[in-house]
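Q: One structure, pasted below without further comment.
The values are calculated or read from the model by the stated rules, or taken from the named source; none is laboratory data. Predicted, not measured: the structure shown is a model, and the values here were computed from it. With ideal geometry, Cβ positions are generated from the backbone for all residues, glycine too; neighbour counts draw on all protein chains shown. Heads up: the accessible areas ignore ligands, DNA and RNA and are worked out on the full protein's heavy atoms, side chains in. Shrake-Rupley method; radii C 1.70, N 1.55, O 1.52, S 1.80 Å.
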Amino acid sequence: MLNVYVDDLSMDELVEIREGAIATLHVDMIVKLQKDRAFYDIWDNFDVVTCDSQFLYFALKLLRRGVQQRVSGSDYFPRFYTRYAGDPSVTVFLCGAAPGIADKAAADINAKVGREIVVGTASPSFELADGTAEDDALVDQINASGATALLVALGAGRQEKWIASHRHRLTSVKLYLPLGGTIDYEADAVRRPPAFITNIGLEWFWRLAREPRRRWRRYVIDEPKVIPYLVRDAFGRYRNPFASGARPGGSTV
Ligand code: UDP
């Protein structure tokens, strides 16, 4: 779809993956992937791309490239830690969200799982930048935790770039999970919409109504830009602004 590939896999298949990097594609991300060359250039770091968005799920269906199901990051993560509850070789580090939120999420998850599956947390500052002392300390902290799975929640685009530029320095992590608002959901800091709202493609409206000042730009100005792109794609007139980005062995969808 547009300049990215979406993998057609089920939630059951996704939770069996123990190594690699998983991206969960939603509208904000696909819009950024049309404009942000640095984001587009690191996209190949992600071994699996799921369709996180009900809107993109419908769009793929209309384009006759439908996938079997929407697989959202926030549905996936609880499935992941439940699946590995009894497997002590799997441990998790939570990186992101406001101070205190990752700790609360860790305590809640460990209580649910019945063991210390979350072995470390960090809430980096919103100014976190590559090469700073804070950044180096974060890498050291993740390595010292020995976590095998790393959830990074720094906002779409930023979290994927952080993973791409740091994974070579992370010694124990096998599974990379850039999962936006998931830490907030796990800590019950942000309420998820009822499933029926998501299923009819209105999660964006729920978020906009709850946090209008924070969200209006994204949902009113940025995300609707995907529509003309998709119309062009439907008529075979879409051109990848960055060209030659084909994944080897993949088919252009
Ligand atoms: N976040 C963060 N540092 C940042 C930007 C965002 O920790 O510099 C956290 C934010 O607190 C939230 C999560 O990342 O917990 C997702 O942010 P947001 O909902 O804005 O992004 P989305 O995932 O919807 O793109």
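Q: Search the stretch 164-184 for residues being more than 9 Å from the ligand (Cβ to nearest atom), open to solvent by 30 Å² or more (accessible area, probe 1.4 Å) and within 18 Å of the chain's Cα centre (by Cα), and hand back the single one that is farthest from Gly96 (Cα to Cα). Break it down into steps so the answer makes sense when it comes.
A: Residues of the stretch 164-184 that are more than 9 Å from the ligand (Cβ to nearest atom), as a first pass: 164-177.
After this cut, where a residue has to be open to solvent by 30 Å² or more (accessible area, probe 1.4 Å) as well, the list is 165, 167-169, 171, 174.
Narrowing the set further to residues that are within 18 Å of the chain's Cα centre (by Cα) leaves 165, 167, 174.
Working: Ser165: 16, Arg167: 16, Lys174: 18 Å.
Applying the filter and picking the extreme gives Lys174.
Q: What number of residues in the stretch 77-112 are within 16 Å of the ligand (Cβ to nearest atom), surrounded by fewer than 17 Cβ atoms within 10 Å (Cβ to Cβ) and in a loop (DSSP other than H, G, I, E, B)?
A: Qualifying residue count, the stretch 77-112: 3.
Q: Kindly indicate the residue of the stretch 3-31 that is part of a helix (DSSP H, G or I) and not charged (D, E, K, R) and also farthest from Tyr176 (Cα to Cα) among those meeting that condition. Write out each step before concluding.
A: Of all residues in the stretch 3-31, those part of a helix (DSSP H, G or I) come to 11-15, 27-31.
If we keep only those that are not charged (D, E, K, R) as well, we get 11, 14-15, 27, 29-31.
Details: Met11: 16, Leu14: 13, Val15: 13, Val27: 21, Met29: 17, Ile30: 19, Val31: 22 Å.
Checking each candidate, the answer is Val31.
Q: Is the stretch 67-76 home to any residue that is in a helix (DSSP H, G or I), open to solvent by 40 Å² or more (accessible area, probe 1.4 Å) and either more than 16 Å from Val190 (Cα to Cα) or of a type in the set (Asp, Glu) (or both)?
A: The first filter runs over the stretch 67-76 and keeps only residues in a helix (DSSP H, G or I), leaving 73-76.
Going one step further and asking which of them are open to solvent by 40 Å² or more (accessible area, probe 1.4 Å), we end up with 75.
Subsequent filtering for residues that are either more than 16 Å from Val190 (Cα to Cα) or of a type in the set (Asp, Glu) (or both) retains 75.
Within the stretch 67-76, one or more residues are in a helix (DSSP H, G or I), open to solvent by 40 Å² or more (accessible area, probe 1.4 Å) and either more than 16 Å from Val190 (Cα to Cα) or of a type in the set (Asp, Glu) (or both).
Q: Could you grab the pairs with beta carbons closer than 6 Å, sequence gap of 6+ or different chains, first residue in the stretch 158-185 and closer than 16 Å to Thr121 by Cβ, second one surrounded by fewer than 16 Cβ atoms within 10 Å (Cβ to Cβ) and among the small types (Gly, Ala, Ser)?
A: Close Cβ pairs satisfying both conditions: Ser172/Gly146.
Q: Among the residues of the stretch 113-163, which ones are assigned to a helix (DSSP H, G or I), within 16 Å of the ligand (Cβ to nearest atom), over 23 Å from Tyr81 (Cα atoms) and among the aliphatic types (A, V, I, L, M)?
A: Of everything in the stretch 113-163, just one residue is assigned to a helix (DSSP H, G or I), within 16 Å of the ligand (Cβ to nearest atom), over 23 Å from Tyr81 (Cα atoms) and among the aliphatic types (A, V, I, L, M), namely Ala137.
Q: For the stretch 32-56, which positions are surrounded by fewer than 20 Cβ atoms within 10 Å (Cβ to Cβ) and outside any loop (DSSP other than H, G, I, E, B)?
A: Within the stretch 32-56, Lys32, Arg37, Ala38, Phe39, Tyr40, Asp41, Ile42, Asp44, Asn45, Val48 qualify.
Q: When Arg192 is evaluated against the numbered criteria (1) outside any loop (DSSP other than H, G, I, E, B); (2) within 15 Å of the ligand (Cβ to nearest atom); (3) touching a residue at least 24 places away in the same chain (Cβ under 8 Å), which criterion, by number, is the only one it fails?
A: Checking Arg192 against (1) outside any loop (DSSP other than H, G, I, E, B); (2) within 15 Å of the ligand (Cβ to nearest atom); (3) touching a residue at least 24 places away in the same chain (Cβ under 8 Å), the one that fails is (1).
Q: Regarding Val119, is this residue β-branched (Val, Ile, Thr) and closer than 25 Å to Ala243 by Cβ?
A: When the stated conditions are applied, Val119 does not pass them.
Q: Of all residues in the stretch 82-135, which are farther than 18 Å from Trp162 by Cα and among the polar types (S, T, N, Q)?
A: Thr82, Ser89, Thr91, Asn110
Q: Only one residue in Ala129, Ala189 is closer than 22 Å to Asn45 by Cβ, open to solvent by 20 Å² or more (accessible area, probe 1.4 Å) and of a type in the set (A, V, I, L, M). Which one? Talk me through it step by step, then tell me what you get.
A: Numbers: Ala189 fails: closer than 22 Å to Asn45 by Cβ.
Result of the check over Ala129, Ala189: Ala129.
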